[in-house]
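The values are calculated or read from the model by the stated rules, or taken from the named source; none is laboratory data. Being a predicted model, the structure only gives us computed values, none of them experimental. Counting neighbours? That spans all protein chains shown, and the Cβs are built from the backbone with ideal geometry, glycine included. The area values use the complete protein model at the heavy-atom level, side chains included, leaving out ligands, DNA and RNA. Shrake-Rupley method; radii C 1.70, N 1.55, O 1.52, S 1.80 Å.
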Amino acid sequence: MLDARGPGQETAAQAAAQAARLLRAGGVVAFPTETVYGLGADAGNAQAVAQVYASKGRPAFNPLISHVPDSAAAERLGVFSPAAQALAAAFWPGPLTLVVPYHDTGAVCDLARAGLPTIALRVPAHETTLAMLRAAGVPVVGPSANLSGHVSPTDAAHVRADLDGRIDAILDAGPTTVGVESTIVDCTGAHPALLRPGGLSRGAIAAVLGVALPDAGHDDAERPAAPGRLASHYAPHAPVRLDAREVKAGEALLTFAGARPPGAEAAVAIFDLSPSGDLVEAAARLYGALRHLDGLRPEGIAVVPLPRDGLGEAIADRLGRAAAPRPLSFEDD
Ligand code: TXA
Ligand code: MG
């Protein structure tokens, strides 16, 4: 526990600096925001991001929000339309998350974005956490810091109850003030649209835009509905064959823990997600592995049976989507 509530500014500053050091070293640190506590990791470190999913016990890889200390840092990561700039200027720091096209700088790994070409960005209104973000100097992912299926934590005690022993530290700054998650606005299309209601009202956003803020996902000419979103999600060109017990002619092999099914010796290429059988390492390398094998243009990608415990379930979920594309739906957890 890093206590940011002690007397004076110094305690909070020291706790924030220590949290930033842990994040830079690849640690997983829960941090306060004005909405709910987030579970932080360096967004560019796929191994650390995989550990965030593992700590939450999430059965799927939701795209995560990247937290940054100011609009300038956000604009280095995403493409801001005039409307997105207006919303950032009006409401950041604050309980607003903007989804914008991603500038591929490598600062946010594929796993953190669940392979999407877009990125969710937020500047939280919390002095201690802004100090942590400035000191870290990297974008920090932050899903709510609860076990999957539990309610979002609004106090460090809730985080401890769910995640004690599963994460490296909790930056404790007492209870949050807003208590519900940030409002998420999609700024990737011609007109902003509401993806998730939250701590900032639709009316306040519409007032800044000067037009109404519709729900996202409406099937209109400007905004393709489910199929468009599906196409934007990274899916390999090659067909993906799950639970493969053998490798067929022309296929590449995606394997785990050294497994070599019959036919492996003739595979176009072999990528072992984790020779040592570590599911966190496998999750961290999953998107890179799919991109690499797909880039070789094999006739198919055969995937060995994977364990279903721990992150195995999320890996299987992602591979299942790659194998049989279906409309995306992200659940809050
Ligand atoms: O208030 C909050 O937003 C908190 C604090 C910690 O910042 N965080 C939070 O994160 O609620 P999480 O992971 O529980 O919710 C993030 C939501 C998910 O519904 C996810 O699908 C959506 O953001 N999201 C993230 N990236 C996206 C993207 N590129 N496109 C569409 N939705 C995205
Ligand atoms: Mg959540």
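Points worth noting:
- Subset of region 129-141 (residues that are within 11 Å of ligand 1 (Cβ to nearest atom) and either of a type in the set (A, V, I, L, M, F, W, C) or within 18 Å of the chain's Cα centre (by Cα) (or both)): Val140, Val141
- Lone qualifier among Ser71, Ser144, Ser152 - being within 13 Å of the chain's Cα centre (by Cα) and open to solvent by 10 Å² or more (accessible area, probe 1.4 Å): Ser144
- In region 54-68, the qualifying residues are those that are more than 10 Å from ligand 1 (Cβ to nearest atom) and under 19 Å from Asp168 (Cα atoms), and the one that is least open to solvent (accessible area, probe 1.4 Å) is Ser55.
- All positions within region 74-89 that are in contact with a helix residue (DSSP H, G or I) (Cβ under 9 Å, 6 or more places away or on another chain) and open to solvent by 50 Å² or more (accessible area, probe 1.4 Å): Glu75, Gln85, Ala89
- Among (1) over 18 Å from the mean Cα position of the chain (by Cα); (2) within 15 Å of ligand 2 (Cβ to nearest atom); (3) in a loop (DSSP other than H, G, I, E, B) - the single one Arg166 does not satisfy: (2)
- Against the list (1) at negative phi; (2) crowded, with 20+ Cβ neighbours inside 10 Å, the condition Gly115 fails is (1).
- Within region 109-158, tally of residues that are in contact (Cβ under 8 Å) with a residue 12 or more places away in the chain and within 15 Å of ligand 2 (Cβ to nearest atom): 19
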